[in-house]
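Read the structure below first, then the notes.
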Amino acid sequence: MFFPEEYKSIESTLLSRISTKFKYDLYILLSTECEWVQDGTRNFMEERLEHYNNIKSELIKNKCNYVEVGGTIWDDRFKKCVEITKSNFNI
């Protein structure tokens, strides 16, 4: 997305590195239901769902332990993430 002309040449290298690197104990994947908010670092609003689907696909393909958190209220999503983290790590 940042380097469209170089995309094809680096895609396989990046995906290979991702698949062979250390995997975290848990990934939390946030769905796209909440309103998109520009915080000065976000890009590609129009490709948001595509980006989400790509990440999910890679998590599945690489057999990563992940949970999806959805909902339309940011505070509720945050609370769900905290609950999931506490539950998964006996905190």
### Query
Put a dot 7 Å past each Cα toward the Cβ at LYS79 and ASN62; how far apart are the dots in nm?
3.2 nm
### Where chymotrypsin sites (Phe, Trp or Tyr not before Pro) in DSSP loops with at most 14 other Cβ within 10 Å are excluded, longest remaining stretch of the chain
45-88
## Note on the structure
Diffing the stretch 60-67: the Karplus 3J(HN,Hα) column from phi (6.51, -1.76, 1.60, θ = phi - 60°), in whole Hz with x for Gly and Pro, holds 5, 4, 8, 6, 8, 7, 9, 10
### Message
Quick one: the Cα spread of the chain along its three principal axes, in angstroms, biggest first?
### Response
42, 31, 19
### Message
Here is the link list: LYS21/LYS56; LYS23/LYS61; LYS21/LYS80; LYS23/LYS56; LYS61/LYS86. Which ones come out longer than 20 Å on Cα distance?
### Response
LYS21/LYS80; LYS61/LYS86
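About the Cα centre, and with charges only on the beta carbon of Lys, Arg (+1) and Asp, Glu (-1), how big is the dipole of the chain? Nearest 20 debye, please.
So the magnitude is around 520 debye.
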### Task
Determine ³J(HN,Hα), in whole Hz, for all residues of the stretch 21-34 in sequence, where each value follows from phi through the Karplus function 6.51 cos²θ - 1.76 cosθ + 1.60 and θ = phi - 60°; x replaces Gly and Pro.
7, 3, 9, 6, 5, 7, 10, 10, 9, 8, 6, 9, 6, 6
### Task
Could you tell me what percent of the accessible area of the chain is made up of carbon and sulfur, with a 1.4 Å probe and every protein chain present?
56 percent
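The values are calculated or read from the model by the stated rules, or taken from the named source; none is laboratory data. Every value quoted in this text rests on a predicted model; they were computed, and no experiment measured them. Reconstructed Cβ throughout: ideal geometry from the backbone, glycine too, with neighbour counts over all protein chains shown. SASA here: full protein model, heavy atoms, side chains in, ligands and nucleic acids out. Shrake-Rupley method; radii C 1.70, N 1.55, O 1.52, S 1.80 Å.
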